[in-house]
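Worksheet: one structure, shown below.
The values are calculated or read from the model by the stated rules, or taken from the named source; none is laboratory data. A quick note: this is a predicted structure, and the numbers were derived from the prediction, not measured. Here the Cβ positions follow ideal geometry from the backbone for every residue, glycine too, while neighbour counts run over all protein chains shown.
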Amino acid sequence: MSLAALNAGAIGDNRTIVAIATSMGRGALALVRASGPGVRVLAERLLDPVPSTPRHATHCVVRDVSGTVIDDVVATLFIAPYSFTGEDLLEISTHGGLVVPAAVLVAAIHAGAREAEPGEFTRRAVLNGKLDLLQAEAIGDLIDARSSAAHRLALRQFDGGLSRRVLLLREQLLALEAMLAYDIDFPEEDDGPVPHTRIVQSAEELLVALDALLATGEQGMLVHDGALVVLAGDPNVGKSSLFNALLGEARAIVTEVPGTTRDAIEAVLDLPGWPLRLVDTAGMCDTADIVEQLGIETSLRYLARAAIVLACVDSYEALDTVTRLREHTSAPIIVVATKSDLVAYSIQIAADVVVSAHTGEGLTTLLSVIEARLAGKRGMPVLDAPALTRARHRVAVERATSELSQFLTAWCDDLLPASVSATHVRAAADALSELIGIVYVDDVLDVVFRSFCVGK
């Protein structure tokens, strides 16, 4: 059964929706889009002339309810089901800025449309069978991508690579369930029409495939979010200067006063391999300052989640910080001697990398060392292969793996009747169905689309 058939009549509010699909602000053009059963009536009330040929750009004007011209626009009409949402859809390209698109939006609402909720256009596309849930998430990931690696991974998911892999596993689980049905239907046969060993082999092969898919999760989430690289150390050892130098811009305040960084500052460094999520943290020290202590507590939370820690040092005393850092993180620690133009040669020898934010010395080497450490622990990212990129994905595949493992144990040890054991296989298939959106749950949809922007 298709997704559209399963969800027939599922949209509780199918009124025509409208929203500004482009970011607000100064720009040449903006896009106002509407979708729903009343789109053609809406076009008649707003546009002159009214677009009559689907998928054909029409030059026209937008008028408000009083007949006053708001803007000179280009409008395109898409007729269901040949549109992004699967409904009648109207896209109006207006002049940019703040006033014009907002005025067109207000006119559309006065003409009978309802302002869309965040992600409602994409949600309707899913419910109408134009996209599956994984592809819908990929649209959000494309919009939110902060690195070229995250962009490539999202494109691969939007193309359906992950969906096809999940669908294949689901089909194989359903085939296994079918074999079990034969065993249940013909109990009088010796071992049933399907050999016991064949069922075991199929389940074991599926477990291997599910484990392989699950193994992509850690790397996929790292690419999606960026590998967390935490700059840590005593106050005033050059963390903020190094942070700014790596980014090539002054993102953190650099002063000679210890404790300037009271909170963590984040930025993404887009590298050809791993995207790095750099975090400049508060200096590690004993302090009675309540605000500074809160900054240190924030630093410790980042250390606990770090993929790599850069222990910044500029003296022998600062080297003691490395020992303290190991108490708060299990991530690889790279000892970085900052201020290479100032620190003693003996300190440089004790460090993994020597850098100077002032001259740029050692920055390229440091990035190479970071990538090498990440590759050694996580492997190099495979951006053109399907991968799990969200916690929701991992939970669903873990549930499918657990259910199939329980089936295999019960089947091999003859602990349960075949009809009962088969429920684990069905539960595994249902977990993958929910992942891809073949069977949807309102709460899952709400979580997926909550972070989308209005107009998408």
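Values as computed for the structure displayed
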quantity	calculated
Qualifying position, being of a type in the set (S, T, Y) and within 29 Å of H151 (Cβ to Cβ), among S451, S405, S421	S451
Restricting segment 82-134 to residues that are over 25 Å from L435 (Cα atoms), free of Cβ contacts under 8 Å to residues at least 60 places away in the same chain and β-branched (V, I, T), the residue that is surrounded by the most Cβ atoms within 10 Å (Cβ to Cβ)	V106
Unmet requirement for T76, which otherwise passes all of (1) free of Cβ contacts under 8 Å to residues at least 40 places away in the same chain; (2) more than 30 Å from G437 (Cβ to Cβ); (3) not in a helix (DSSP H, G or I)	(2)
Candidate set from segment 243-266 (those that are buried (at least 23 other Cβ atoms within 10 Å of the Cβ) and touching an Asp or Glu at 6+ places or on another chain (Cβ under 8 Å)); member that is modelled with the lowest pLDDT	T261
Lone unmet requirement of (1) within 26 Å of A136 (Cβ to Cβ); (2) outside any loop (DSSP other than H, G, I, E, B); (3) not β-branched (V, I, T) for S83	(2)
Matching residues, segment 50-63, being surrounded by 12 or more Cβ atoms within 10 Å (Cβ to Cβ) and within 11 Å of A75 (Cβ to Cβ)	V50, P51, A57, T58, C60, V61, V62
Selected residue (criterion: modelled with the lowest pLDDT) from residues of segment 287-317 that are under 24 Å from L222 (Cα atoms) and surrounded by fewer than 19 Cβ atoms within 10 Å (Cβ to Cβ)	E297
Selected residue [farther than 29 Å from L168 by Cβ and either assigned by TED's automatic domain parsing to the domain that holds S23 or modelled with pLDDT of 85 or more (or both)] from A350, A387, A431, A372	A372
Subset of segment 90-112 (residues that are closer than 21 Å to R55 by Cβ and either at pLDDT below 95 or of a type in the set (S, T, N, Q) (or both))	S93, T94
Segment 86-115, residues that are part of a strand (DSSP E or B) and either small (G, A, S) or not assigned by TED's automatic domain parsing to the domain that holds R33 (or both)	S93
Subset tally (residues that are over 15 Å from P37 (Cα atoms), of a type outside the set (A, V, I, L, M, F, W, C) and not in a helix (DSSP H, G or I)) for segment 116-151	8
Condition broken by D320, with the remaining ones in (1) farther than 22 Å from N244 by Cα; (2) among the acidic types (D, E); (3) modelled with pLDDT of 80 or more satisfied	(3)
Filter result (basic (K, R) and not in a strand (DSSP E or B)) within segment 21-70	R26, R40, R45, R55
Count of residues meeting criterion [in contact (Cβ under 8 Å) with a residue 24 or more places away in the chain and either in a loop (DSSP other than H, G, I, E, B) or closer than 20 Å to P275 by Cβ (or both)] in segment 155-179	5
